[in-house]
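Computed from the coordinates by the stated procedures, all read-outs in this text should not be read as laboratory data. For clarity, every value in this text was computed on a predicted model and none was experimentally measured. Here Cβ is always computed from backbone atoms with ideal geometry, including for glycine, and neighbour counts include all displayed protein chains.
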Amino acid sequence: MRILHLSDIHFREPDCLEPATDTDRPYRTVLEQDIVDLCRDGKHVDAILVGGDIAYKAHPDEYKAAQEWLEALAAKCHCPRESIYVVPGNHDVDQKVCQKALAVSNAQEAIVRAPDANRSRVLREQLRDVEVGRSLFLPLEAYNNFAASFNCNVYPSRPYWFDTLELSAGLKLRLFGLTSTLLSGLGKRDDEPGHLYLSPLQTVFEKDRDIVNLVICHHPPHWFVDVTQVDDDVNSRTKLQFFGHEHTQRCTRDPAYTRFKAGAVNPDKRELGWRPGYNLVDLDVIDTGAARTLRVTAHVRQWQNAPEMFIPVKDPLGNNVWVNNMAAPEHFPLSAPPSVATIPEPHLPHTKIAEAAHTTADLAANTVAKLEATMSTPSTRNLIYRFWNHLDVSDRRDIALKLGLITQEDLAAKVPDSERYGKALELAGSRGLLMDLAREVEAIEQKQ
């Protein structure tokens, strides 16, 4: 599997709307050419990870330009457009909304003022409150309208997203896209490390021997007030880590994980040490059984002036590629040795309540697993993309009403469309209505 890691693209209107005078365009063009050249080895890009700061001031036109560029780039490196994954950065937070909406300030300040031991509980309570929870995500509305196309929109009941991809030799890759910007936009918390907050609610990375966890987040751990817990959770629970924000190219290799920090695609030219960069990462599963290994081979690329091109950041031994082999031994069910005597289970009275409790628990676990499997397939991600990009507002509304995915009461509620229809799509998956949804979408597409 080949992953392209980009971050900090910083599309800025009105400049990005005028290609003839967009001074960042030449650097993006050279980047495109460099990626295509690296892919001449016969491997195409399977997924594009964009680590935030897609826009510069969260203007809708900036996201329109970003989507057009990302989809064109995906086509050039033969990556399906629905395999683009995004997370928000501080530039994806609408500063005007933060400054004008008192509810946003109040929600953020409640988290900031909470004692360290209670901060996670305060955030959980806010996310569960309909009005307060939406206030936290209000500055991300333009970003969410863009991210919905790639099923990466976030809202109070889904503060982060995840998806699962197939690797090989029994291994799967589970992607977690975190929202590091819940406290961004006010109080100068974006100015220096240690003032933002992620919380344990976003680091629930369940470990499974047959699953490789990958995390993508705009801010590196030291930008959070809960830096120790975030760093520990990320390092102990994920093998692949992708961060942005700091505009520096870094690759950290550890026996348990590989961490990447992306240089900006379009850093501010006034920055000291201005140098665009990106990462192209190959994942290969080597051997099987106890010797199964995940091999990471990375092209860490940075800009060179005169002549203009991207060149490799060499590893400490002077190699053009960075390689890290991480153990991923195959998991086999444990079987009891023949010599061990079977211990009879204690007799417990059978009750319908106990049976119902066990049945309900099993069904809940199976439902979550089935929903994840359903929503993670390429065909479902393609359907979600078409739902957002090929239908207008009235089409989405009519289809969702027809399939019983929303009600008139839902439409009357003050909910962003990215949340309203994001939940409707999840409901379609859990109710087994994705085929019906696909037929409705296709019927409208044929009329266009």
Seminar exercise, completed: With x for Gly and Pro, the residue-by-residue ³J(HN,Hα) of region 438-446, computed from phi through the Karplus equation 6.51 cos²θ - 1.76 cosθ + 1.60 at θ = phi - 60° and given in whole Hz, is 4, 5, 5, 5, 5, 4, 6, 4, 5
Seminar exercise, completed: For Val86, other-chain or 5+-apart residues with amide H closer than 5 Å (H placed, Pro excluded) are Val50
Problem set entry | Under the Karplus curve 6.51 cos²θ - 1.76 cosθ + 1.60, θ = phi - 60°, whole-Hz ³J(HN,Hα) for region 430-436, x wherever Gly or Pro sits | 6, 8, x, 10, 5, 5, 5
Problem set entry | Hz values of 3J(HN,Hα) by residue in region 48-64 - Karplus curve (6.51, -1.76, 1.60), Gly and Pro given as x | 10, 9, 10, x, x, 6, 5, 9, 10, 9, 6, 8, x, 5, 5, 6, 4
Seminar exercise, completed: Of the residues Thr23, Leu334, Phe11, the Cα lying farthest along the dipole of the chain towards its positive end, which is defined by charges on the beta carbon of Lys, Arg, Asp and Glu, belongs to Leu334
Exercise. Working out 0.36 nm times the residue gap between Glu68 and Gln95, then minus their Cα-Cα distance, what length gain in nm do you get to one decimal?
Worked result: 7.3 nm
Exercise. Taking Cα centroids, how far is region 383-419 from region 260-308 in Å?
Worked result: 38
Exercise. Which value in nm describes the separation of the simple spin-label points at Ala169 and Arg121, placed 7 Å from the Cα toward the beta carbon?
Worked result: 4.6
Seminar exercise, completed: Rounded to the nearest 0.05, FRET efficiency between Ala290 and Arg40 (Cβ-Cβ, R0 51 Å) equals 0.90
Exercise. Under the definition of Cα pairs under 8 Å and six or more residues apart, what whole-number percent is the relative contact order of the chain?
Worked result: 15
Problem set entry | 5 angstrom amide H check on Glu166, placed H, neighbours 5+ away | Leu173
Problem set entry | Segment Lys414-Ala327, length gained on full extension (0.36 nm per residue, minus Cα span) | 26.5 nm
Problem set entry | Amide N of region 175-191 lying under 17 Å from the label point, which is placed 7 angstrom from the Cα of Arg113 along Cα→Cβ | 183, 186-188
For this session: Inverting the mean 1/r over all pairs of different Cα atoms, compute the Kirkwood radius of the chain and quote it in Å.
Result: 23.5
Exercise. Which lysines, on any chain, are close to Lys100 with Cα under 25 Å apart, when same-chain ones fewer than 8 places away are left out?
Worked result: Lys57, Lys64, Lys188, Lys414
Problem set entry | Those aspartates and glutamates that a straight Cα-Cα span of less than 20 Å connects to Lys76, excepting residues fewer than 8 apart in one chain | Asp24, Glu32, Asp34, Asp37, Asp41, Asp46, Glu68, Asp282
For this session: Sort 418-429, 74-85 for me by packing, meaning the mean count of neighbouring Cβ atoms within 10 Å per residue, highest on top.
Result: 418-429, 74-85
